[in-house]
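Every number here is computed from the coordinates shown, using simple stated rules; none is lab data. On a predicted model such as this, the values are computed, not experimentally measured, just so you know. Neighbour counts run over all protein chains shown; Cβ positions are idealised from the backbone, glycine included.
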Amino acid sequence: ELDSPGGLIARNPPSLERRPYRMDVKADGSGIESTGWYRASDGVEERDNALILSRLCALQWVVVLYEHVVPNSLKERYASEFIDCIIYQLVDQPPGIIIVKSFEVLAKISNPAEGEESYALLSSKPLEGEDEAPTHELNIPYKQNPMNDQNANFALGILEPSRRKMLSRDRGVFASLIDLHSTHQKLLIDISKVIELMCTLQPAEFVFVSFAYELDNFIVSRMKHREKILESPETDSQTIKQELASFARDLAFISNFAQQLGKFFFAAPETEQLREALKDSIGFKGETVRDERRARLFHILLYTFSHNIVAALAFCLWGGAFLTASNFLQKIDPLDVSLMFYLEIDQLIDLIERPLFRHLHLRMLECEDDPNQERSGAMLFRTLKSIMMILPQSTSYMILKERLTSMARYRQSAVALTGLSKLIDCGSETDVFVKRIVNVRKLHCDAKWRNIRAESLEEPSRLVDEDQRLTAAQQRREWLGYADESEELAMKEKMKQNMLGNTPKKAELVGVYENLNDMAASPQTILDENEECKQCLDSPTTKGLIQQFEQVGAGDEGKEDQSNPQWREYWASRQ
């Protein structure tokens, strides 16, 4: 009443008009008393909007504290505390605006500030010249294993100085993403959207290299854990089976991740600069420092794409490494050829037919003096021909066949492909690429076969070679009881002949099973019908039976001569 204008019914007007106690109360109802400000609302949409606003506000406060409160000496530690918290909210599949804001925050807090001591892969300082580089960077050993910070630092030197300032101080965000998706593999469906968002905030070269390094670290740590479990004498069979199954799932996850990286590499506009940098980086490699950086970048990414066959093939075709792809296809393991492999090959052929790979169609028309080069059109023709021979006769097979048939008429492939079986030089760049792909595929096939054995009643194998020399074919042969490869091939040939009905006829000994011990042992040789009958007639058991029949005939009839060959003819006809 006192706050109302004029007092109670304005009988006694107050000497001074009093203001309301709450300054945020407004007469029109738009202040704090408005709907949705403090009252509970039954609308689901309003609650969701309020929750989204709260999460966006919390994420913005992380950036505000990082930029204006946290000192430079503690920025790295502050960022590491929030990386896992922000990444693992993806498990609940939040709205798109939350995901975008989360990665924007991660990009800001992982970027080293000015004056901060940085442990980034590459310094943001510009190079003095594009075609110049320190001598120690050019002499970094990388052919056997390029997965180290020095090689990454050298490869990322192709970035412009302005783009180098966008790099993170470390790869903690990428490691957390891999750990998250390895635990919740259902999130792999949307990993391409995450990669796309990261490539808009940071250079695509840095994103792909960081994923390559962290995937390699992930699989190396899993291999060490598996080796520790298998070599421990206290580990029981059940634990070994669980570990083998877990390792096989991890390799399948790495393969799916590499597949998603490959699809994004060829399809997304965010990777256009990366594609241009790696296009023909091996086939037309020059002598400049930039060409060496491109080749080093190709080698690093090949380490990741090797975990998926089709991704590795597509990457080799894009980089001009036709000789690498051709030699790898000659060594493909049967365990790698599955239904998913055929489906991915169909997608690869569809990709090759698109304008993105138009330069390969013209490359097959070229006839080089040396067809054994990485970039040669003859080797490209041989690679596509090998892919076609692996495929079943489907739509993709017919598409590839028609293109190769039309190309063969122009390049006279029967003459141009002569001598392409020449062995590649040991230790060369092509040899290193082929060995990497073959060794990775052996690792995958070995894990598949060990997992198959773990699911059976057989005792799981504890043997783990450093180079994974124990192939699936050797383990399968030992498991089935064959002594060596020749014995397995002989048995397969015998089974094939039985299925075709080409089994040689053998003489049947009727009524002599009780005298088997008296039969002369003969070597198991394939004889014709006449030789088998002759051998049976000459055996001691057969001669004794003939004499018994002759004596019985002579005693009953008394009319026939013992030298009558009637019983011999009868016995011979029985054979």
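General observations
- Close Lys pairs in segment 152-309, defined as Cα atoms under 29 Å apart and 8 or more places apart or on different chains, number 14.
- Anisotropy class of segment 234-372 from Cα gyration tensor, a/c 1.5 cut: prolate
- Listed residue (180, 202, 219) projecting farthest to the positive dipole end of segment 158-223, Cβ model: 202
- Along principal axes, Cα extents of segment 53-92, largest first, whole Å: 33, 20, 7
- Each peptide in 294-306, 226-238 gets a packing score, the mean of other Cβ atoms within 10 Å over its residues, and the list from highest to lowest is 294-306, 226-238.
- Burial ranking of peptide ranges 356-367, 151-162, 311-322 (average Cβ count within 10 Å, highest at the top): 311-322, 151-162, 356-367
- When +1 charges are put on Lys and Arg Cβ atoms and -1 charges on Asp and Glu Cβ atoms, the dipole computed for segment 155-311 relative to its Cα centre reaches about 240 debye.
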